[in-house]
Each structure stands twice: as C-alpha cells, then as structure tokens.
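The numbers here are math on the coordinates, done by the rules we state, and not lab data. What you are looking at is a predicted structure, and each value in this text was computed from that prediction instead of being measured. Positions of Cβ are generated from backbone atoms using ideal geometry, with glycine treated the same way; all protein chains shown enter the neighbour counts.
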Amino acid sequence: QINWLGYPGTMGAPFMDYLMADPVIIPDEARADYSEQVIQLPHCYQVNDRDQEIAPEAPSRADCGLPDEGFVFCCFNNAYKIEPNLFDVWMRLLAAVPGSVLWLFKGDAEVEANLRREASARGVDGGRLVFAERLTKPKHLARHTHADLFLDTFPYNAHTTASDALWCGLPVVTRPGETFASRVAASLVSAIGGPELIAPDIGAYEALALKLATDKKALGAVRKKLKANRLKTPLFDTDLFARHLEAAYQIVWQRHREGLPPAPVKVPAGVEAG
C-alpha cells in the first residue's frame, strides 16, 4: 500500500509500505522518521491542475467585505491551523501596516468571535479581520485578485489553499518545520521557482511578510515572477507529474513482481514512464 495525499505524515503502521513525497517534504536526513519507504518524486508530491477555471469577473472588494483601500493579508486555511504564536505575528503585521486587514476563511460564529477577541487582546481592532464567505471554486479563485499576500500557517501548512493562491499569482510566505505537514507549502513554492518566499524561522517569516507588505517594488517583482512561472515550472505541469507518478508505480510494481521487499524509490526528473 502507498500513502499519498490521504494523511500528511507517517502512518507508523506495518501494513503501509510506501509514502509519496519529494526532496523538500522529506529530506534524506529525515527518512529515519518515517516507517514507510519513501517514494521521492523529483518535484512537489502534490498534483495540481493546470486547467483550473478562474471566473472572468471577481466579486468587488465591497462584496468581499474588504475596505476600498489598504493592504490585504490573507489566509484561507481552516481555522484549526491557526495557533497562538502565529496569530501573534499576524497581529504585529496588522499593527505595523496601517490600514491593512487580514482576510480569513469564514468558519462558524464561535471561531470568528474568538479570533476577533484574540485580535483585540493583542491591541488590534477585531474589525480588521474579514471573513470570506464560501463561493464556487472559480469565483473563489477570482477573488484572490483582491489579496496582496498569503500568510501560511505552521506547523500545519496550507496545502490546496497554497496551490490556489499560487495559481492565481498570489505570493505565499511560508516557514517550513520538521514534519511532513509543516513542509508542504515550501514544496509548492519551490516547485514554482519561488525560494525567496521560504523563511527559515518565525522571525524571518515576520520580517519577510513585513518587507513585502511595505515594499511595492519587491512585492511586484515576486508577483511578476509567479505569473511568468505558472505554466513554465513543474508545479502546474500536470502531464509531467503524471509521468513521474507512473514511473514510481512501475518501479514499485516491478520490485513486487520480483519478490523484493519495499525499498526507497527516487524518480529522476527526466524519467519517462515506459
């Protein structure tokens, strides 16, 4: 059996033979932390669709509950991924960037009330937290145009939400940790050619986010790069991903046919499925 996408980490179970990953998700020095044999794809382990529809007309800022002006930090991750130390950073960013807001995904009323209360406890008006209503996927992607910077969560990163942001040309600032789930956004960002968006620690994460929020030229350069790279780098090359995945399956199946036990698999970047 192969663990892929269902759970971002080791199952620690003898009935699970392999775990699909990549060099960013599981560096060689971390393999001992996984009970499975690692299948190392050459680029991001997460498959992404290069044909996702973005609605031609985005909801207005007013329709989204956003102010007419001001920098928009966003994070469309589930609220359970937001932990206190990270929220401290986000509130310091709001305090440091006048007129800015934090655009979050709408949860239940208790979640919203709790986050607004926690913002107030940190000296930030809870009204500067804006909650995005659920929309169809094309309209949700379209409204990313109103966001300026996506702030990743850790230790449980954005997964699909980071892919969505990058597909829309929205920079994602992330800080990888040591676990599988804490390295996913770094893998995604690396696969689109944006290593400058990866911060080594929480202090660097805050400094990078503040730099991009206050330096229009720097932010513009990153956005221009992401737009140029979107269809030229591996992240959204679905056909290339399929070839690498097929090659991995062939290697695993051939070992099984020969009666060999599961072993680490490394799929070269230039491999073609047979």
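For the chain, what's the relative contact order in percent, using C-alpha pairs closer than 8 Å and at least 6 residues apart?
Worked out over the chain, it gives 22 percent.
Please give me the summed charge of the neighbours of PRO195: other residues whose Cβ is under 15 Å from its Cβ, Lys and Arg +1, Asp and Glu -1.
Taking every other residue near PRO195 into account, the sum is 0.
How charged is the neighbourhood of ILE39? Take every other residue with its Cβ under 11 Å from the Cβ of ILE39, and add Lys/Arg as +1 and Asp/Glu as -1.
-2
Placing unit charges on C-beta atoms (Lys and Arg positive, Asp and Glu negative, everything else neutral), compute the dipole magnitude of the chain about its Cα centre in debye, rounded to 20.
So the magnitude is around 600 debye.
In the neighborhood of CYS168, defined by Cβ-to-Cβ distances under 11 Å, what is the net charge if each Lys or Arg adds +1 and each Asp or Glu adds -1?
Charge balance near CYS168 sits at +3.
Set the bar at 18 Å for Cα to Cα. Now go through LYS81/LYS106; LYS106/LYS139; LYS137/LYS227 and name every pair that lies beyond it.
LYS137/LYS227
Do any GluC sites (Glu not before Pro) in the stretch 29-79 lie in a loop, going by DSSP, with at most 16 other beta-carbon atoms within 10 Å of their beta carbon, and if so which?
GLU53, GLU57, GLU69
Enumerate by residue number the trypsin sites (Lys or Arg not before Pro) in the stretch 130-173 meeting two conditions: DSSP loop (anything except H, G, I, E, B), and at most 14 other Cβ atoms within 10 Å of the site's Cβ.
Qualifying residues, ordered by number: ARG134.
Would you mind ranking VAL252, VAL173 by Cβ crowding within 10 Å, fewest neighbours first?
VAL252, VAL173
State, as an integer percentage, the relative contact order of the stretch 103-231 based on alpha-carbon contacts under 8 Å between residues 6 or more apart.
Reported as a whole number, the value is 19 percent.
Shape verdict for the stretch 32-100, please, from the Cα gyration tensor: rounded (a/c under 1.5), prolate (a/b greater than b/c) or oblate.
Verdict is oblate for the stretch 32-100.
In square nanometres, what is one fourth of the surface area of the convex hull spanned by the alpha carbons of the stretch 1-60?
Average of the hull's projected areas for the stretch 1-60 equals 6.2 nm².
Which angle from 0 to 90°, rounded to the nearest 10, does the C-alpha axis of helix 216-229 make with the longest principal axis of the chain?
Result, in degrees: 30.
Could you tell me what % of all Cα pairs in the chain have separations over 24 Å?
52
Give the angle, between 0 and 90 degrees and rounded to the nearest 10, that separates the Cα long axis of helix 238-257 from the longest principal axis of the Cα atoms of the chain.
In the chain, helix 238-257 runs at an angle near 40 degrees to the longest axis.
Report the GluC sites (Glu not before Pro) located in the stretch 140-232 that are in a DSSP loop and have at most 14 other Cβ atoms inside 10 Å of their Cβ, or state none.
GLU178
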